[in-house]
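Structure first, commentary second.
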Amino acid sequence: SANSLDVFGQRCAKVKKMVDKATEQGKFRGPVLGPIGFYCKIYPGKEEFAALAESALPPGTLDRFVVCNDADRKLFQKIRREAGCHLDCGVFQQSPHARYSIPD
């Protein structure tokens, strides 16, 4: 929900909504994931490790999005500017590939 995105900054929920709309309209060529922190969950009873995990990541990692090609990066940057983001809601571009080869 939008409220759970507030922890990543005021404009992050707006960016996510704009990305979802652009995705529904078929404007992105590949998947757009994010913000990264939205996919990170703290298990009950392990809350004391949240700060440790967050401090191990480079600053600004949890509010970033991931795209898979340059055209999507450019579109994401346009959405980000329209949402008024400056340092928040950055983007990583990652080429799609199999990270691990898993035998059959």
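Here, each number is a calculation from the coordinates, and none is a lab measurement. This one's a predicted model, so the numbers in the text were calculated from it and none came from an experiment. Backbone-built Cβ (ideal geometry, glycine too); neighbour counts: all protein chains shown.
Under the Kirkwood approximation for Rh and a Cα-based Rg, what ratio Rg/Rh is obtained for the chain?
Numbers: Rg = 15.0 Å, Rh = 14.9 Å.
Taking Rg over the Kirkwood Rh, I get 1.01.
So, counting K/R as plus one and D/E as minus one, what does the shell of residues with Cβ under 14 Å around Asp63 add up to?
So the surrounding residues net to +2.
Pairs Lys16/Lys74; Lys16/Lys46; Lys16/Lys41; Lys17/Lys46; Lys21/Lys46; Lys14/Lys78: which are spaced more than 25 Å apart, C-alpha to C-alpha? Present the calculation step by step, with values, prior to reporting the outcome.
Numbers: Lys16/Lys74 16 Å; Lys16/Lys46 28 Å; Lys16/Lys41 18 Å; Lys17/Lys46 30 Å; Lys21/Lys46 35 Å; Lys14/Lys78 13 Å.
The pairs that break the limit, which is 25 Å between Cα atoms, are Lys16/Lys46; Lys17/Lys46; Lys21/Lys46.
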